[in-house]
Ligand code: HGY
Ligand code: MN
Ligand code: MN
């Protein structure tokens, strides 16, 4: 009989098999075959624990343990199961696995809650396929209209609903969830930074999450022959993009207070070695704990980009995602600290530099988050690793907290 830590390890090992890039980290794009394999695994584990399983019109997965109160709002626990390209095994799945194990403890200990317990596995948190991110959670709370959703396309022009149908998902299922059906939401996530490891503390109680925006910048120029086009007669989209991108970091440094800016994705068209590029599309990710910093850097970035609108170059900026900094629910933060103390599990308070589905739900229900250490502070890379012992500690804290939340009025 496997113990909790061993079960967690087995879940993580199994789910990490479902990748499009074996040997080069986890690549699990939303509505891909790897999504389908993971989805089937999660649903099978939910069923094993006697949960009532359903999916919504975005492909989010729900496993419900009914309580004694009928039609009562759920205490929800979960995270996402998509990944960045060539990412790690823990970003997202650690939270889904922890939720599955909390549900198992309810069943194993024959604890029938008053309010229902609901495990959720969310899609497209990273935005790796359809851009933006936090798609599954934004969909649930109604921040994504049906048109917005169905107009999302991947880099090959495949729409969300076409991709869903390809793996047998039904986009016509109900999508938006009434916030009154949510009593609270808990999420375990890896820290994705060095703080907990350096402090040698196994658990972080998240106080607040940074605000963030994701811009998509398009630079249009004129394609031409690399050999026959004189240097003074070019409108080179890639040279312009490079001149812009090189100037962005200084905006974040000048803003200070932990403000960060990143260009992580860049596509060149037509991408031929002997062709002057006529179009470049790149991302700009801006974050800060203070909203004014994010807004200032957005403004400076847009001004800089606009200043290149000349000499045959056309620039445009689309905002794919904007979300303000979020402070998590004080009552749940205290509950998580109280339960950690009750279990003699060392913890500290911590803020999140990463965005999470919890920040979306925090405007609609009471939200709490726990972090566990990331080895060498690494994440969004194949080296990402966390200790299942720490996940097990978070499971115990969530189990105690969820019992209180499913009993409390
Ligand atoms: O980008 C983030 O902060 C998260 O990993 N989606
Ligand atoms: Mn994540
Ligand atoms: Mn991530």
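Take the conditions touching a strand residue (DSSP E or B) at 6+ places or on another chain (Cβ under 9 Å) and within 29 Å of residue 284 (Cα to Cα) and apply them to residue 203. Does it pass?
no
Considering only residues that are touching a helix residue (DSSP H, G or I) at 6+ places or on another chain (Cβ under 6 Å) and either part of a loop (DSSP other than H, G, I, E, B) or within 14 Å of ligand 3 (Cβ to nearest atom) (or both), which ones fall in the stretch 112-129?
113, 114, 115, 122, 123, 124, 125
Looking at 344, 351, 329, which is the one that is modelled with pLDDT of 95 or more and at positive phi?
Residue meeting the stated conditions: 344.
Look through 70, 45 and report the one residue that is at pLDDT 95 or above, in the same structural domain as residue 188 (by TED's automatic domain parsing) and either assigned to a loop (DSSP other than H, G, I, E, B) or closer than 28 Å to residue 144 by Cβ (or both).
Checking each option against the conditions leaves just 45.
Tell me the residue from 121, 165 that is out of contact with any strand residue (DSSP E or B) (no Cβ under 7 Å at 6 or more places or on another chain) and outside the structural domain of residue 314 (by TED's automatic domain parsing), please.
165
Given the structure, is residue 99 in a helix (DSSP H, G or I), within 16 Å of ligand 2 (Cβ to nearest atom), under 20 Å from residue 189 (Cβ atoms) and in the same structural domain as residue 367 (by TED's automatic domain parsing)?
In short, yes.
Do the conditions hold for residue 310, that is, is it away from ligand 2 (no atom under 16 Å from the Cβ), under 30 Å from residue 179 (Cβ atoms), without any contact (Cβ under 8 Å) to a residue 12 or more places away in the chain and outside the structural domain of residue 23 (by TED's automatic domain parsing)?
For residue 310, the condition - away from ligand 2 (no atom under 16 Å from the Cβ), under 30 Å from residue 179 (Cβ atoms), without any contact (Cβ under 8 Å) to a residue 12 or more places away in the chain and outside the structural domain of residue 23 (by TED's automatic domain parsing) - is not met.
Can you find a residue that is touching a residue at least 12 places away in the same chain (Cβ under 8 Å), out of contact with any helix residue (DSSP H, G or I) (no Cβ under 9 Å at 6 or more places or on another chain) and under 28 Å from residue 75 (Cβ atoms) anywhere in the stretch 180-202?
Yes - at least one qualifying residue is present in the stretch 180-202.
Listed here are the residues, each with its yes/no results for (1) more than 16 Å from ligand 1 (Cβ to nearest atom); (2) farther than 22 Å from residue 140 by Cα; (3) in a loop (DSSP other than H, G, I, E, B).
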| residue | (1), (2), (3) |
| --- | --- |
| 300 | yes, yes, no |
| 303 | yes, yes, no |
| 308 | yes, yes, yes |
| 322 | no, no, no |
| 349 | yes, yes, no |
| 389 | yes, yes, no |
| 401 | yes, yes, no |
| 409 | yes, yes, yes |
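For the stretch 315-322, does any single residue satisfy the condition of being surrounded by fewer than 16 Cβ atoms within 10 Å (Cβ to Cβ), in contact with a helix residue (DSSP H, G or I) (Cβ under 9 Å, 6 or more places away or on another chain), over 30 Å from residue 207 (Cα atoms) and modelled with pLDDT of 95 or more?
The answer is yes; a qualifying residue exists.
Is one or more of the residues making up the stretch 367-374 assigned by TED's automatic domain parsing to the domain that holds residue 96, more than 16 Å from ligand 3 (Cβ to nearest atom), closer than 23 Å to residue 201 by Cβ and surrounded by fewer than 21 Cβ atoms within 10 Å (Cβ to Cβ)?
No; the residues of the stretch 367-374 include none that is assigned by TED's automatic domain parsing to the domain that holds residue 96, more than 16 Å from ligand 3 (Cβ to nearest atom), closer than 23 Å to residue 201 by Cβ and surrounded by fewer than 21 Cβ atoms within 10 Å (Cβ to Cβ).
For the stretch 104-143, how many residues meet the condition of being more than 29 Å from residue 399 (Cβ to Cβ) and without any contact (Cβ under 8 Å) to a residue 60 or more places away in the chain?
Residues flagged as more than 29 Å from residue 399 (Cβ to Cβ) and without any contact (Cβ under 8 Å) to a residue 60 or more places away in the chain within the stretch 104-143 amount to 1.
Under the condition of being more than 17 Å from the chain's Cα centre (by Cα) and either within 16 Å of ligand 1 (Cβ to nearest atom) or not in a helix (DSSP H, G or I) (or both), which residue from the stretch 328-347 is surrounded by the most Cβ atoms within 10 Å (Cβ to Cβ)?
The residue in question is 347.
Just the residues that are more than 12 Å from the chain's Cα centre (by Cα) and within 13 Å of ligand 1 (Cβ to nearest atom), please, taken from the stretch 73-86.
Once the filter is applied, which keeps residues that are more than 12 Å from the chain's Cα centre (by Cα) and within 13 Å of ligand 1 (Cβ to nearest atom), the stretch 73-86 yields only 85.
May I ask you to list the residues in the stretch 77-98 that are in contact with a helix residue (DSSP H, G or I) (Cβ under 8 Å, 6 or more places away or on another chain) and either surrounded by 24 or more Cβ atoms within 10 Å (Cβ to Cβ) or more than 23 Å from residue 355 (Cβ to Cβ) (or both)?
Across the stretch 77-98, the qualifying residues are 77, 78, 79, 80, 81, 82, 90, 93, 94, 96, 97, 98.
Let me confirm something: among 28, 39, which residue is in a loop (DSSP other than H, G, I, E, B), in contact with a strand residue (DSSP E or B) (Cβ under 9 Å, 6 or more places away or on another chain) and surrounded by 20 or more Cβ atoms within 10 Å (Cβ to Cβ)?
28
Check residue 375 against each of (1) out of contact with any helix residue (DSSP H, G or I) (no Cβ under 6 Å at 6 or more places or on another chain); (2) within 16 Å of ligand 1 (Cβ to nearest atom); (3) farther than 18 Å from residue 98 by Cα and name the one condition it does not meet.
Only one criterion is unmet by residue 375, namely (2).
The values are calculated or read from the model by the stated rules, or taken from the named source; none is laboratory data. Since the model is a prediction, treat every value here as computed from it, not as a measurement. Neighbour counts are summed over all protein chains in view; Cβ atoms, including those assigned to glycine, are modelled from backbone coordinates with ideal geometry.
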